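The values are calculated or read from the model by the stated rules, or taken from the named source; none is laboratory data. Given the structure is predicted, the values throughout are model-derived calculations rather than measurements. Cβ atoms come from the backbone with ideal geometry, glycine included; neighbour counts cover every protein chain shown.
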Amino acid sequence: MVTTGLIAIDATILATAVPTIVADLGGFSSFPWLFSVYLLTQSVTVPLYSKIADTVGRKPVVLFGITVFLLGSILSGLAWSMPALIAFRAVQGLGAGAVAPMAITIAGDIYTIAERAKVQGYIAAVWGASAVVGPTLGGLFAEFATWHWIFFVNVPLGGAAAWLIVRHLHETVERTPHRIDWLGGALLTVALSMLILALLEGGHAWAWTSAPSIGAFAIGGLLLTGFVLVERRAPEPVLPLWVFSRRLLATTALIGVGLGVVLMGITSYVPTYLEALLGSSPLVSGLTLATLTIGWPISASQAGRLYLRLGFRTTVLIGSAIVVGGTTALAVVSTSPSLLAVGASCFVIGFGMGWVAAPTLIAAQASVGWSERGVVTGANMFARSVGSAVGIAALGAVVNGIMRGQSATAAPDQFGTAATAVFVAAVAVAVAIGVVALAMPRGRIDSDAAHTVRANPPSRSQAHA
């Protein structure tokens, strides 16, 4: 739970301080890179860490991730320019790629499906507390101290998480030789980097129809094709393609992509929107955004009861309908800014997401045994991270195209139009989530090893805390 808190606070503390960071370091058109590069390094390393965790155990992987994450946090706090901060955020993402999925995987190891319903409540409480603590700290540091402390605050929390894991988590693992798919990981990293570069710089640094733009998209597409070909032959692929060959895992992964896009679109632009158009302080805009991450854990804590009674598919459909309603409300009220209306809309969005995110992840986990749960969890988290990374880049391209190099504070009305475009895009993605949810298999999953993908039974390992 403390490990979850480390990532949860980091996820909620930065967005409120973006205007202050941009005012200090400059580079408004580059600020989406703060999120994209973090999510990129996080997403491409999640499958690597997950594969390693399935062979050497969860504990060493999560401790390594915490160490790298804290190193990135310290470097980010010392950043002297926007390019330096972007680079150090990439280091943070390398650590987060191990921390976030391992915390969820460990919970999947320790608890049964029925017990996870209660555990989701505990994890939801962590996110709920972080939803208040993160934006509040971010606003306080940005308004009354310095934004550098947004990153330094991770150090004591990360140290506490590492100490608790060392002391209380004990694993017995059958250690087997493994081969890391470095080529696949490299191809995936460069491919996604090229696509994000093309999206963020297109229409800004160069024209969309220019040679650099077309070349970046073409190289990204070719490298993704090469990645798929490499994964089909790799002995231990970084992202096993069988994960996406089964209907349940494929649909939950696609839903994860959609969740990533909606989440980053809302959290990245709502604070700047409020500060630019209403003159809200970082603290007030942060607390307004916090309603999203308050609504999420409230519903997530009750999701277990729903999916145990109605099934995963029905629960996700209910949640996606609520997300559509919330994003539509936000798009409508954005034309007439109001703190109360924006906060209420964000709460509804978060409430709906709680009934989408947790059930889809648990359904994917419950469909496999221990030896494959890390890979499946990692694939689901990877899908959400890729959706976040590419989504924020695509939305950033929309905003940069409307703003044409101007900052939000210099052209608030123009930024209001750009923000409304982002929120409308979120509505479209939310509708797509609902359509994909309709394709989820009907029925319930009653066993954590409902089926496996290997002919031989997986090796057994036990974890307890």
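List of remarks:
- Search result, residues across region 190-222 that are farther than 22 Å from residue 87 by Cβ, part of a helix (DSSP H, G or I) and of a type in the set (A, V, I, L, M, F, W, C): 211, 214, 217, 218, 222
- Apart from one condition, residue 237 fits all of (1) in contact (Cβ under 8 Å) with a residue 40 or more places away in the chain; (2) in a helix (DSSP H, G or I); the exception is (2).
- Among the candidates 64, 69, 31, residue that is modelled with pLDDT under 75, out of contact with any Ser or Thr (no Cβ under 7 Å at 6 or more places or on another chain), among the hydrophobic types (A, V, I, L, M, F, W, C) and in the same structural domain as residue 119 (by TED's automatic domain parsing): 31
- Just one residue in the set 409, 377, 417, 360 is outside any helix (DSSP H, G or I) and either buried (at least 19 other Cβ atoms within 10 Å of the Cβ) or touching a helix residue (DSSP H, G or I) at 6+ places or on another chain (Cβ under 9 Å) (or both); that residue is 409.
- Residue check, residue 293 among the hydroxyl-bearing types (Ser, Thr, Tyr), surrounded by 24 or more Cβ atoms within 10 Å (Cβ to Cβ) and either free of Cβ contacts under 8 Å to residues at least 60 places away in the same chain or assigned to a loop (DSSP other than H, G, I, E, B) (or both): no
- Some residue of region 287-300 being of a type outside the set (Phe, Trp, Tyr), over 18 Å from the mean Cα position of the chain (by Cα) and modelled with pLDDT under 85: yes
- Unmet criterion (only one of (1) at pLDDT 85 or above; (2) farther than 30 Å from residue 135 by Cα; (3) buried (at least 21 other Cβ atoms within 10 Å of the Cβ)) for residue 243: (1)
- Only one entry in 221, 203, 260 is out of contact with any Leu (no Cβ under 7 Å at 6 or more places or on another chain), closer than 30 Å to residue 401 by Cα and at pLDDT 90 or above, namely 221.
- Qualifying residue in region 14-29 (condition: touching a strand residue (DSSP E or B) at 6+ places or on another chain (Cβ under 7 Å) and more than 17 Å from residue 385 (Cα to Cα)): no
- Residue match in region 250-271 (condition: farther than 22 Å from residue 36 by Cβ, without any contact (Cβ under 8 Å) to a residue 40 or more places away in the chain and out of contact with any strand residue (DSSP E or B) (no Cβ under 7 Å at 6 or more places or on another chain)): yes
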